[in-house]
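The block underneath contains the structure these notes are about, expressed in structure tokens.
FYI, it's all coordinate maths here, none of it is from the lab. This structure is a prediction, so every number in the text was calculated from the model and none was measured. Quick reminder, even Gly has a Cβ in these numbers, built from the backbone with ideal geometry, and neighbours come from all protein chains shown.
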Amino acid sequence: MGTIKDRYAIVGVGESERSRKSGTTPLHLALDAANAAIKDAGLKVTDIDGFMNYNEGDSCTSHQLATYLGVRPKYVKDIQGGGASTEMLIADAVALIEAGQLNTVLIYRSMNGSSGTRVGRGYDPDMLQGALAGGSFVIPYGSASPSQWFGMYATRHMHETGITKEHLGHVCLSFYEHAQRNPKAFLHGKPLTMENYLATPDISSPFNIHDSCLELDEGNAIIVTSAEKAKDCKSKPVYIMGMAARQCHPHAHYWNDIDQVASDYVAEELYENAGVTPDDIDVASIYDCFSWVVMRQLEAYGFAKRGEVGDFVAEGNLKIGGKLPTNTAGGMLSEGYTHGMNNTIEIVRQLRHDYEGTDRQVEECKIGICTGWAGPDIAGAMILRN
Amino acid sequence: MTQAKTAYQKPIPLKDLDNAPYWDAADQHQLALQKCDDCMAYSQPPGPTCAKCGSENVIWQQLGDDIKATVYSYVVSYRPFLPGFQDELPTIIALAQLDKVPEVKIMGNILNCEEKDLKIGMPIQMTWVDITEDRALPQWIPAMN
Ligand SMILES: [Zn+2]
């Protein structure tokens, strides 16, 4: 197999309304997002011959979406997956196009994440013990939320590297600042100060509500096709330079092995595939289910050395104007939450310079990184260019 | 006597084909760990085969009831995420690194511990709480010395 560098592109992105209570179904949200992405690309719906989505049992199926868009595609695929799935499904789409099976693929994530099924909440404890590998060794101790699972990693990592609560606050403040420039961000109009951040009690240490992603009703969609077909699209193509994914934990669970994360292993392969280094990256979307998860990935992807990530964020480097403008629409902490896809949409818009002439545009950005985190054990990431 | 069962609201560890020896030992106030008889790696939580080398040749090692450890990491939860924890907030959930087998870490609550006294590296001791007539849950308490 040859390299896929620069031979595939994201040509359309779109989203539904986002709210606490959509009053509608994930299918309706998916239809809105898909139609927006198709319009953005300037494609006809019948140009899409593959549909894929990831979900946690809380979405409509690809079959349903295609049906009610009025198309009969060649390929539909639904996976159970978390926050590395956008990048991993894009890789699947590229592979199927490369194999000559498909031409153009629409990938979506649609969920009533606030009014419907909430991720990591409200499950029957006995079901959880059975559903989670090794669940019997955590659920009886009250540990049932990603905040508690990732918090265990965070406490140890912060102890070893000198990251403080205030450092986590700088991640939140940076993203909240971006949300104030984005009228569609859920927390637009709700700025955050360090004083307020530090005065907010933890839900589960070391995380308070600001360290934790939003829970919202929303659908997102993106369209992937070949560089050749991208020329026929209305939008500016954003080319895929390289991708990588990895599962790292030696067990089918990560409860007791908290010193490594999959992002540590993805980074090297990613930069090699894309042919760039961290210094070449102009803009970033870093998966931000929790503030610390951003810190850990900044270390893994080589943006700051271990032990220096706290200073890196405190210096304002994640803000527009900093060394690595990150989650420039507000991220999942303050814009919206679709298991990472909203961050992918934002980096596409940055690299197309959609915000030209406004204070939201990262000026002259050419290369961006988009990272996914489905937990400490599974990561997927890609590097994009305009 | 079924009274104890109805009184205990928290999730009770589910035994399955692969983990039953761990929980059976716990019910007897003992610690047992799964170990690979080929590569000698411990598996915690246990599984159907050795997670390090894939060998089916896994055995159980009895470690007795005098289990000392140190706190490797922890979280303090101020909100109940599961039934039964609402009356005992905040909940300290810790990862304990065993003194005798440092490559093994076991999650549990630290009982009889003030949040202000909690820190990484603090010595703790395994204890067993009888949660129903026939089940016991391994837990941790601060070590006395
Ligand atoms: Zn082995």
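Which percent, to the nearest 5, of DSSP beta bridges fully inside the stretch A:250-386 are antiparallel?
Among the beta bridges of the stretch A:250-386, antiparallel pairing accounts for roughly 65 percent.
Using Cβ contacts closer than 10 Å as the measure, can you line up B:Phe85, A:Phe175 from fewest to most?
Sorted ascending by nearby Cβ count, the order is B:Phe85, A:Phe175.
Taking the Cα centre as origin and putting +1 on Lys and Arg beta-carbons and -1 on Asp and Glu beta-carbons, what dipole magnitude results for the stretch A:263-386, to the nearest 20 debye? Before the final figure, lay out the partial values.
On the way: 10 positive and 20 negative charges, 39 e Å.
With only Lys, Arg, Asp and Glu charged at Cβ, the dipole is about 180 debye.
Averaged over peptide B:68-78, how many Cβ atoms belonging to another chain are found within 10 Å of each residue's Cβ?
Details: counts 0, 0, 0, 2, 7, 12, 6, 17, 7, 12, 6.
Other-chain Cβ atoms within 10 Å of each residue's Cβ, averaged: 6.
So what is the relative contact order of the stretch A:131-204, in percent, for Cα pairs below 8 Å that sit 6 or more residues apart?
25
Please name which of A:Gly134, A:His159, A:Gly83 has its Cα lying farthest along the dipole of the stretch A:72-164 towards the positive end, using unit charges on Cβ (Lys, Arg +1; Asp, Glu -1) and the Cα centre as origin.
Of the options given, the answer is A:Gly83.
What residue among A:Ser174, A:Ser204, A:Ser59 shows peak mean-square fluctuation when chain A is described by a Gaussian network model with Cα springs under 10 Å?
A:Ser204
Restricting to bridges with both residues inside chain A, how much of the DSSP beta-bridge set is antiparallel, in percent to the nearest 5?
Rounded to the nearest five, the antiparallel share is 75 percent.
Report, please, the projected area of the protein assembly as shown averaged over directions, based on the convex hull of its C-alpha atoms, in nm².
Details: hull surface 101.4 nm².
Taking a quarter of the hull surface, the average projection is 25.4 nm².
Would you mind working out the magnitude of the charge dipole of the protein assembly as shown relative to its Cα centre, with +1 at each Lys and Arg C-beta and -1 at each Asp and Glu C-beta, to the nearest 20 Debye? Kindly include the intermediate steps, with their values, before the conclusion.
Working: 45 positive and 67 negative charges, 255 e Å.
The dipole of the protein assembly as shown has a size of about 1220 debye.
Can you list the HN-Hα couplings for the stretch A:210-224, worked out from phi with the Karplus curve (6.51, -1.76, 1.60; θ = phi - 60°), rounded to whole Hz and with x for Gly and Pro?
6, 6, 10, 5, 5, 10, 9, 9, 5, x, 10, 8, 9, 10, 10
To make sure I understand the rule: partners must be lysines, Cα under 23 Å from the Cα of B:Lys100, and not fewer than 8 residues away in the same chain. Which ones qualify?
Hits, sequence-local ones excluded: B:Lys35, B:Lys52, B:Lys68, B:Lys119.
Sequence-distant or interchain residues sharing an amide H contact under 5 Å with B:Ala96, placed H: which?
B:Tyr72, B:Ile106, B:Met107, B:Gly108
Straight-line reach from A:Lys74: which aspartates and glutamates have a Cα under 14 Å away, not including same-chain ones fewer than 8 places off?
Result set, ordered by chain and number: A:Asp47, A:Asp49.
Quick one: among A:Asp40, A:Asp58, A:Asp126, which has the greatest mean-square fluctuation in a GNM of chain A with alpha-carbon springs under 10 angstrom?
Of A:Asp40, A:Asp58, A:Asp126, the Gaussian network model singles out A:Asp126 as fluctuating most.
Which of the aspartates and glutamates could a cross-linker span from B:Lys116 if the Cα-Cα distance has to be under 17 Å and same-chain partners fewer than 8 positions apart are dropped?
Correct list for B:Lys116: A:Asp202, B:Glu88.
Of A:Ala262, A:Thr225, A:Leu187, which is farthest along the charge dipole of the protein assembly as shown in the positive direction, counting Lys and Arg as +1 and Asp and Glu as -1 at C-beta?
In the protein assembly as shown, that residue is A:Thr225.
If you average the alpha carbon positions of the stretch A:151-213 and of the stretch A:35-93, how far apart do those two centres end up, in angstrom?
Cα centres, the stretch A:151-213 to the stretch A:35-93: 32 Å.
Which one of A:Ile38, A:Val309, A:Leu324 has its Cα pushed farthest toward the positive end of the charge dipole of the protein assembly as shown, where Lys and Arg give +1 and Asp and Glu give -1 at the Cβ?
A:Ile38
Taking the Cα atoms of the stretch B:66-145, what is the range of coordinates along each of the three principal axes, in descending order and whole Å?
Projected onto the principal axes, the Cα atoms of the stretch B:66-145 cover 33, 33, 23 Å.
Using Cβ contacts closer than 10 Å as the measure, can you line up A:Glu228, A:Glu269 from fewest to most? Numbers along the way, then the final one.
Working: A:Glu228 11, A:Glu269 15.
By the 10 Å Cβ count, ascending: A:Glu228, A:Glu269.
So if I take the centroid of the Cα atoms in the stretch B:83-145 and the same for the stretch A:325-373, what is the distance between those two points in Å?
Value for the Cα centre distance between the two parts: 42 Å.
Among A:Lys39/A:Lys231; A:Lys21/A:Lys44; A:Lys5/A:Lys319, which pairs are too far apart, with a Cα-Cα distance over 19 Å?
Checking Cα-Cα distances, A:Lys21/A:Lys44; A:Lys5/A:Lys319 exceed 19 Å.
Residues of B:101-111, mean number of Cβ from any other protein chain within 10 Å of their own Cβ, rounded to a whole number?
Partner-chain Cβ atoms within 10 Å, mean over residues of B:101-111: 3.
For the stretch A:46-62, just list the computed ³J(HN,Hα) in residue order, Karplus coefficients 6.51, -1.76 and 1.60, θ = phi - 60°, integers in Hz, with x standing in for Gly and Pro.
6, 6, 7, 10, x, 10, 9, 8, 10, 7, 10, x, 10, 10, 8, 8, 4
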